[in-house]
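Participant: Following this message is one structure expressed as structure tokens.
The values are calculated or read from the model by the stated rules, or taken from the named source; none is laboratory data. This one's a predicted model, so the numbers in the text were calculated from it and none came from an experiment. Counting neighbours? That spans all protein chains shown, and the Cβs are built from the backbone with ideal geometry, glycine included. To get the accessible areas, we keep the full protein, side chains included, count just its heavy atoms, and leave off ligands, DNA and RNA. Shrake-Rupley method; radii C 1.70, N 1.55, O 1.52, S 1.80 Å.
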Amino acid sequence: MQGIQIIGMGKALPARRVENEAFTQMVETSDEWIRSRTGIQSRYFCKEERQMDLCAEAARKALANAGVCPEEIGLCVVATITPDYHTPSSACMVQKLIGLPEDIPAFDINAACSGFVYGLEVVSCMLGSDALKRPYALLIGAEKLSRIMNLQDRSTCVLFGDGAAAAVIRPSDAHRFFCRLGSQGNAEALNAPGAGYPELYIHMDGRKVFQFAVHAMENGIRLLAKETGVSPDEVDQFICHQANERIIRHVQKKLKLPVERFFMNLDQYGNTSGASIPIAMAELMEKGQLKPGTKAFCLGFGGGLTWGAAYLEF
């Protein structure tokens, strides 16, 4: 069974940082209210930046980190629900902006906050195909959620942020990879209407999403443990979608796992949907916490409703 190896990562953020205090001018809330319910202290919002600009910056950093040239990339996939265009895809625009070869597949996938985990499975399958003539893939998670936020809705406007992160991936027999994905059609729990609707804002039932999220994470951990033969006690890093501190802590405590193995950076970035997991991974790599031999469970959950669980070896 062919595995995959992430050999480089990079992240990109807008210039504008928004602290919790800014929302007190828009809705009835406070810094304490937001922190105590979500763990979020700040997030980044695009002002001039396009989503594709964040994608391209993250991709350039990942390539530099990996020591790989654009000409060596054989596949480009972007996980996003907020592309600048319905078409061309963000992946096609990345191809243009950073000079990737013109004879490679480039496309977007939409699995919301689970998108990067879905992308890992897509990349794994395609890297094993004879159709790709180059040895590396570029997988990007990127969002410009500020574009679809209702700043008068206290239940959602304080939660989300913009950002991107990219991974350079190659096939590797020495690095095992397992992935399990799922979906549950449920627009009532979480949706963002498409073009032609009177308003394009995110709508969310927080309670339903919380219940789905904790079940999806617990189930994902159990499935990966069964499939890989790696018990949760042996996992070095649980890299979760950064939606809410309470969700992550609930699962960590219920499974009686060490708190230090559940990395969190949502206090700085909020919920960046498809960019959430790769931003966390990029920061862990920067800190030297994804060193050779590290075993990681990546756990995503979000709109769809979708969920994804992946096992990676570094």
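Participant: For region 159-198, with all protein chains present and a 1.4 Å probe, just round the carbon and sulfur fraction of the accessible area to a whole percent.
Facilitator: Numbers: 920 of 1870 Å².
The computed percentage sits at 49.
Participant: Using Cα centres only, tell me the gap between region 1-23 and region 67-120 in whole Å.
Facilitator: That distance is 15 Å.
Participant: So which trypsin sites (Lys or Arg not before Pro) in region 201-267 end up in coil per DSSP with only 11 or fewer other C-beta atoms within 10 Å?
Facilitator: Taking region 201-267 and a limit of 11 other Cβ atoms within 10 Å, the loop trypsin sites (Lys or Arg not before Pro) found are LYS256.
Participant: Using a probe of 1.4 angstrom, how much of the accessible area of region 259-314 is carbon and sulfur, in percent?
Facilitator: Its accessible area is 48 percent carbon and sulfur atoms.
Participant: Shifting gears a bit: How far apart, in nm, are two points set 7 Å out from the Cα along the Cα-to-Cβ line at LYS208 and at ARG35?
Facilitator: With each label point 7 Å from Cα toward Cβ, the separation is 3.2 nm.
Participant: Report, in order of residue number, the helices in the chain meeting two criteria: a C-alpha extent of 30 Å or more along the helix axis, and a mean Kyte-Doolittle hydropathy of at least -1.0; treat each whole DSSP H run as one helix.
Facilitator: 206-228
Participant: So how do 66-73, 158-165, 9-16 stack up, highest first, on mean other-Cβ count within 10 Å? Working shown, then result.
Facilitator: On the way: 66-73: 16.1, 158-165: 28.5, 9-16: 21.1.
Most protected by this proxy first, the peptides run 158-165, 9-16, 66-73.
Participant: Here is a follow-up. With label points built 7 Å along Cα→Cβ from the Cα atoms of GLU286 and ASN110, find their separation and express it in nm.
Facilitator: Each label point lies 7 Å from its Cα, and together they span 3.1 nm.
Participant: What is the percent carbon and sulfur in the accessible area of region 1-137, measuring with a 1.4 Å probe over the protein chains and ignoring ligands?
Facilitator: The computed percentage sits at 48.
Participant: OK, next. Near the amide H of ASN186, under 5 Å away, which other amide H atoms are found, from residues 5 or more places off or on another chain, if H is placed in the peptide plane?
Facilitator: GLY304, LEU305
Participant: Still on this model: Ignoring ligands, DNA and RNA, what accessible area per residue does the chain give at 1.4 Å, in Å²?
Facilitator: With all protein chains present, the chain gives 42 Å² per residue.
Participant: Share of antiparallel DSSP beta bridges in the chain, in percent to the nearest 5? Walk me through the intermediate numbers first.
Facilitator: Values: 38 of 54 bridges.
DSSP beta bridges in the chain are roughly 70 percent antiparallel.
Participant: Find the eigenvalues of the gyration tensor of the Cα atoms of region 136-293, then list the square roots of 5 times those eigenvalues as equivalent ellipsoid semi-axes, largest first, in whole angstrom.
Facilitator: 28, 19, 16
Participant: How much mean residue ellipticity at 222 nm does the chain get from its helices, if each DSSP H run of length 4 or more adds -39500 (n - 2.57) and you divide by all residues, to the nearest 500 deg cm²/dmol?
Facilitator: -9500 deg cm²/dmol
Participant: Hey, another quick one. Starting from the Cα-Cα distance between VAL27 and HIS86, subtract it from 0.36 nm times their residue separation and give me the gain in nm to one decimal.
Facilitator: 18.1 nm
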